[in-house]
Amino acid sequence: MDALEAMQRQLQAAFPDAEVRVAPWRDLNHLKIEVISPSFAGMKRIERHRRVHAALGEWMQRVHAVRIVARTPEEAQGGEDGSQGMA
């Protein structure tokens, strides 16, 4: 199992009701992580990101940069980007 698969499985275990995607963003040290979960309802962006960071645990120390998009299913359908201004 490669690192991206391992991260995806770890996130899926932490967010069992979620749709999770982990992909290289620029290279393998820069990742885009998308988690779409109803558990994010009512949370501020920083709370969502903290939950994703916590779920990744030690993986966060091995990656140089992570772009996190954490949305509810309703936000994902409406085209809202949970990153709020992140390019």
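The values are calculated or read from the model by the stated rules, or taken from the named source; none is laboratory data. Because the structure is a prediction, the values reported are computed rather than measured. Note that each Cβ is placed from the backbone with ideal geometry, even for glycine, and that neighbours are counted across all protein chains shown.
Quick notes on this structure:
- First in segment 58-87 and on the phi > 0 side of the Ramachandran plot, second anywhere and modelled with pLDDT of 90 or more, Cβ under 8 Å, 6 or more apart: 84/45
- Residue tally, condition at pLDDT below 95, surrounded by 16 or more Cβ atoms within 10 Å (Cβ to Cβ), closer than 15 Å to residue 7 by Cβ and of a type outside the set (Val, Ile, Thr), over segment 51-87: 2
- Tally, over segment 4-62, of residues that are part of a loop (DSSP other than H, G, I, E, B), under 11 Å from the mean Cα position of the chain (by Cα) and more than 21 Å from residue 73 (Cα to Cα): 0
- Within segment 14-28, residues that are at pLDDT below 95 reach partners that are among the charged types (D, E, K, R) with beta carbons closer than 7 Å, at six or more positions or on different chains, in the pairs 23/32; 25/32; 25/67.
- If you go through segment 26-50 and keep only what is surrounded by 14 or more Cβ atoms within 10 Å (Cβ to Cβ) and among the hydrophobic types (A, V, I, L, M, F, W, C), you end up with 31, 33, 35, 36, 40, 43.
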